[in-house]
There are 2 protein chains.
Amino acid sequence: MYSSELIKGTLKTIILKLLTENEKMYGYELTQKVKDMTGGKIQLTEGALYPTLHALQNQGILTTEVVNVGNRLRKYYAITPSGREIASEKVNEFTDFIATMITLLDLKPNLG
Amino acid sequence: MYSSELIKGTLKTIILKLLTENEKMYGYELTQKVKDMTGGKIQLTEGALYPTLHALQNQGILTTEVVNVGNRLRKYYAITPSGREIASEKVNEFTDFIATMITLLDLKPNLG
DNA sequence: CATAAATACATAAGTAAATTATGCATTAGT
DNA sequence: ACTAATGCATAATTTACTTATGTATTTATG
């Protein structure tokens, strides 16, 4: 786990990017996907995730579909066309930010 | 300029890294150095910078030396040995974080 | 030569985006 | 039977900023 400040500001970008790749996902699924993909280094907290999902929905960036699985409900989120644009902008901005930070801090990241 | 959330959490890392490379720097100099090196994409605000410098000094990570230049004062900051360790950790953590985010978001950063 | 911009410090009030804590309910594992 | 995992949600608190304000000197500009 990284010191919490670092991850700040990346939550929306992560959510939107994963939803551009996955058609639809539910909250808990997002937490597990991120945990798996980062080897546990990034763990989305529910207190941050759910309010953010609600906000993105209210802004028309995501739509929802509630599905009953057995007796338990799942709230699937899907990205809208306008959401895709925002996702793309967010990812581009983050990419640019990384390049800037690499220059500024003189980093040598080992890219797989 | 990046959306402000992104830069959050990087301020200490930036300050410490620059001070490992520069022997001593004063606050305003830090703002200009970062502005120059990032083509204006990152601009440290005084309201964030000075309190952070004071905190780092109180923690024994930085030491200060006040110098009079003409009639104006400059407060130079220098990093201590223990500060260097922390700087190194911060930079390593950030490097790791970038690598993780590149994987997670499937980024292709163009490195100079 | 007056005025604005740059240099140089500092602090206080307000805000955004998290964390932490708590709650409810179902299902799977031991 | 009890605990951990699945799955949602919200409220209180904290953190790390931004914005605003203040003081003072030096340099550039019309």
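The values are calculated or read from the model by the stated rules, or taken from the named source; none is laboratory data. Just so you know, these numbers come straight off a predicted model, no measurement behind them. For neighbour counting, all protein chains shown are included, and Cβ atoms are generated from backbone atoms with ideal geometry for every residue, glycine included. Remember, those area values only see protein heavy atoms, side chains included, never the ligands or the DNA or RNA. Shrake-Rupley method; radii C 1.70, N 1.55, O 1.52, S 1.80 Å.
Just a few scattered comments:
- Taking a quarter of the surface of the Cα convex hull of chain B gives a mean projected area of 8.2 nm².
- Projecting 7 Å from Cα along the Cα-to-Cβ direction, the label point of residue A:21 sits 3.1 nm from its equivalents in the other copies, listed shortest first.
- Averaged per residue, segment A:4-105 has 51 square angstrom of accessible surface, using a 1.4 angstrom probe with ligands and nucleic acids left out.
- Residue ranges A:18-30, A:44-56 sort as A:18-30, A:44-56 when ordered by packing (mean number of other C-beta atoms within 10 Å per residue, highest first).
- Proximal lysines to residue B:33, defined as alpha-carbon separation beneath 24 angstrom and excluding residues fewer than eight positions away on the same chain: A:108, B:8, B:12, B:17, B:24, B:41, B:75, B:90
- Against the main long axis of the alpha-carbon atoms of chain B, helix B:27-37 sits at an angle near 30°.
- When +1 charges are put on Lys and Arg Cβ atoms and -1 charges on Asp and Glu Cβ atoms, the dipole computed for the protein assembly as shown relative to its Cα centre reaches about 220 debye.
- Inter-chain shielding of B:8-14 (mean C-beta neighbours from other protein chains, 10 Å cut-off): 5
- Charge dipole of the protein assembly as shown about the Cα centre (unit charges at C-beta), most positive-ward option of A:9, B:47, A:81: B:47
- Histogram of C-alpha separations across segment A:26-72, 10 Å bin width, %: 24, 44, 31, 1
- Unit Cα scatterers, Debye sum, the protein assembly as shown: log10 I(q)/I(0) for q = 0.08, 0.11, 0.14 Å⁻¹: -0.36, -0.63, -0.91
- Derived scalar couplings ³J(HN,Hα) [segment A:95-103; Karplus, 6.51 cos²θ - 1.76 cosθ + 1.60; whole Hz; x for Gly, Pro]: 4, 4, 4, 4, 4, 5, 5, 4, 5
- Each Lys and Arg Cβ is given +1 and each Asp and Glu Cβ -1; about its Cα centre, segment A:1-99 then shows a dipole of about 300 debye.
- Separation between Cα centres of segment B:54-90 and segment A:1-47, rounded to whole Å: 36 Å
- Backbone amide hydrogens, once placed in the peptide plane, bring residue A:26 within less than 5 Å of A:77, excluding anything fewer than 5 places away on its chain.
- In degrees, nearest ten, helix B:11-21 long axis to first principal axis of chain B (Cα): 70 degrees
- Cut-off 20 Å, label 7 Å out along Cα→Cβ of residue A:103, residues of segment B:35-68 by amide N: B:35-45
- Heavy-atom accessible surface of residue A:96, to the nearest 10 Å², is about 60 Å², with a 1.4 Å probe and all protein chains retained.
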